[in-house]
Structures are given as structure tokens and as C-alpha cells.
Amino acid sequence: MSDTGLPARRSAIYLLDQILGEGKLMPELIGAGALDRLEPADRARAQRLATETLRGMERADRILQKHLQKYPPLTVRNALRVGTIELCAGEAAHGVVNSMVNIVSRHKRYGHLKGLTNAVLRKVADKGAEQWPTLRIPRLPKWLRGPLVDAWGGEAVLEMEKAHFEGAALDLSVKAAPEEVAAAVDGHVLPTGSVRVAASVQVSGLPGFTEGRWWVQDAAAAIPARVLDAQPGETVLDLCAAPGGKTLQLAAAGATVTAVDISEGRMERVKQNLVRTRLNADTRVEDAFDVTGQFDAILLDAPCSATGTIRRHPDLPFAKDGSEFGALIDMQARMLDHAVTLLKPGGRMVFCTCSLLPDEGEVQVEDALARHPNLSVDRAALNRPGVDPVWVTEEGGLRLRPDHWPDRGGMDGFYVACLRKSG
């Protein structure tokens, strides 16, 4: 990492400008090469700074507004936000203030605001750290918070926001012997069988990575494949398979897996992980609606709002405004209908979304049952180790939320249901 921290801080500000000003998502920016010119340590630091700023932005803004008569342009405001986050986390004031002044002074349009940057951040350095813990947990934007409160109630949403603010640990799905893997990576086994380790570790440096003993996958994201319970020799279709964690689970179970995703780049990652873990699957870059054939079991992880992943992706509620959700909900219904045609009589399908919105989960299954008299919900499939019965919903699915397992570090939000097709 560079001695001054300038490249990482400058890149963090750029990421925030793109997310908050252009509606871009962080994975999209990083995938497009936004951090490629940085040294590995600087890349990691830039991403961490941007992520921490998004998580704590409401607090940072409340501290900054005490020292601003009006908000400066977005780039300068983001420099002040990053600086505030660092100062309130205990970073040395001299290095933080000098770096942010340097960055602002070099900006072609806003260089004249370097004096403002210096004055404001010096005031933040004086009192910010003691003000920080007195401020409320940052709230979700109103466009998302309102529907979630309607669905789950204000107290539950407050707990979800707490989980979002705290961030997420690193979860691993293992091919075998989770206790052995947990001991090797200095982690612990969760009730559902995933292994949880500290989020700050270097993934590729953990024992067992090179040997392919495990892969990164949130504990909640691992539950759909456990519910499907693929058996050796079964033909299983994994629709919308990337980034591939569920494909690996199905292959590790001994099933004959066909993994389909429309993105060639994302499917390349699936192939790489299959090679690393020494598992086999037929990978296809294809539109889900073009898939034909008949399968014993199907796992449909449908494209969705991804609102269940905010604890890992705090950029999402700032880059989006919910305007595309209607189209996603319609696509989910059409995908579900198409998947039914690919399922053998007597077969089973797990439908899941990484969403906290009932319209992308509970409502989808209720509507699908009404459209397809030959479908029924298999409640017994939900009886898996570690699955709390209180997570089971009225229509027979599983509702997983970030506020679950608060004493264990939470989980992503997911909806999971197992549907059976009659003969």
C-alpha cells in the first residue's frame, strides 16, 4: 500500500461519486476496472473505505452538517465523508486531513475548496470521534424503508439496519468435514453447516483455498441448495447460476448438474471455481427462457432486487431507487412458469431470491400455486439442520432476514420455497 494512502482515498471518493451520482453499483465499477491500477493493498483499502463510508454515511453527514453552511459539490462532499469516517475510526488526523486537502486541491473544478476541506476536517478531528457513537444507527433510504416496515414492522427493520451497519463476516461452504475446515481457518461452524470466519481475512490465503476444500458463500445463500437436497445421480438444473456457490453445492452432492447463466463473464467465475474445487458441472451461457429438457430437480435463484444483501453491499440502496423492481417481479414470475415446464412429473423445484420484499418471495409462490394446480409446497423439505421453525412462512416458504442470528453476526436476507410437481 502507498505510504500516503492517496491512491486508495482518491479511488474511494471516485467509487462514491459513481455510486451516489451515477447510480452505479460497486461490483459493476470494480468489474469494469475502476481499481485495476492500484496495488493490491490499495485496492482493498479503497473498497473498504467506500464500503464503510456508505454504511456510516448518515452519521458522517450529521457530523459534517454542524460545520457546513451549505453542502459542497458531490466530489468534495464525498472527500469530507471519507475523511470523517476515517477520523471517527481513530485514524491519525494529520494524514487524513492532508490527504483530503491534497485530493481536493488537485481537482480541476473544485480545487478552490481545499481551504473548506481543511477547516471542516480539522473540526471533525477535534470532536467527531466522541460524537460518532451518540448518533443513531443509519437508516435505509425512505424508498426502501417504507415497504420493509410495511412488511416486517418498525422494530424488525431497526434490527435489520443494525445488522447492515455492522456488516458481514465471511462464510464458507465446505465440501466435507466442516469442523476440520473451521479449525484450520480459525472459524466456527454455524447451525446450518456453514463455516464463519472474520471478514478481514485474505480469502486466497486461508488454508484449504488452493486445495478447493471450500468456497465463499453466505450462510443464508447456502440454504436453498440444502433444501433442494440433491441426490447422487439426479439431473439438476441450476438456473441463473452465477456466481456459482449453489452449483458447487449441487455438484458436491453428487448430482449431474447443468448450470445456466446469461452472463459469460459471471459464468467464467463459476468455471474457475469448479476447477479449483475439483467439482464437475455442465456450464452453459444461455438465457434461462431458452433452456429445454427435463430435470429431476431445479434450483431457480431468480434475478431480484438483492435487498437481502445490503449488509455486504451497502451501495445498493444508494445506487437504486426501486424503479426497476416491477420489471424484476414480472421476470421472476415468467421464469418460474418456464421452470415448471422443465421439471419432470414428481420432481421438485426450489425457488429463491436474495430479497427482503414479499413481492419477490411469498407473493410469487402464492401466485405460482394459483397459476399451476399441479404444484404444491413441500414444507417437509424445510426441515434442515439449523433452520429455525419460526422462519417458516404461512404459504410454506422460508423467510431469512439480516436480523436473524443477531448473536452470531446475522445472515443475508433470502426467501426460499420448495415446490413439487405432481405426476
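Since every read-out is calculated from the coordinates, none of them should be taken as a lab result. What you see is a predicted model; the values in this text were computed from it and never measured. Glycine gets a Cβ as well: all are built from the backbone with ideal geometry, and neighbour counts include every protein chain shown.
Membrane-span-like helices of the chain, defined as complete DSSP H segments with a Cα extent of 24 Å or more along the helix axis and a mean Kyte hydropathy of at least 0.0, are identified as 325-342.
Neighbour counts of other C-beta atoms within 10 Å: give me Trp214, Trp143, Trp405 arranged from fewest to most.
Numbers: Trp214 27, Trp143 13, Trp405 20.
So the ranking, lowest neighbour count to highest, is Trp143, Trp405, Trp214.
Taking amide H positions as modeled 1.01 Å from N, with prolines and chain starts lacking one, the residues under 5 Å from Ala306 and 5 or more places away or on another chain are Cys354. Helical content of the chain, expressed as a calculated mean residue ellipticity at 222 nm, amounts to -13500 deg cm²/dmol (DSSP H runs of 4 or more residues, -39,500 (n - 2.57) each, divided by residue number, nearest 500). Under the combined filter of DSSP loop state and at most 13 neighbouring Cβ atoms within 10 Å, the range 98-169 retains these trypsin sites (Lys or Arg not before Pro): Arg106, Lys108, Arg109, Arg136.
For the range 6-134, the Cβ-based charge dipole about the Cα centre amounts to some 440 debye (Lys, Arg positive; Asp, Glu negative; other atoms uncharged).
Dimensions of the range 6-134 based on its C-alpha atoms, expressed as ranges along the principal axes with the largest first, amount to 37, 32, 26 Å. When both the range 298-349 and the range 99-156 are represented by their alpha-carbon centers, they are found 32 Å apart. In the structure shown, the pairs Lys123/Lys320; Lys24/Lys246; Lys162/Lys246; Lys271/Lys344; Lys66/Lys108 are assessed against 30 Å; a Cα-Cα span above that value is assigned to Lys123/Lys320.
Restricting attention to the chain, close to 50% of DSSP beta bridges with both partner residues there are antiparallel.
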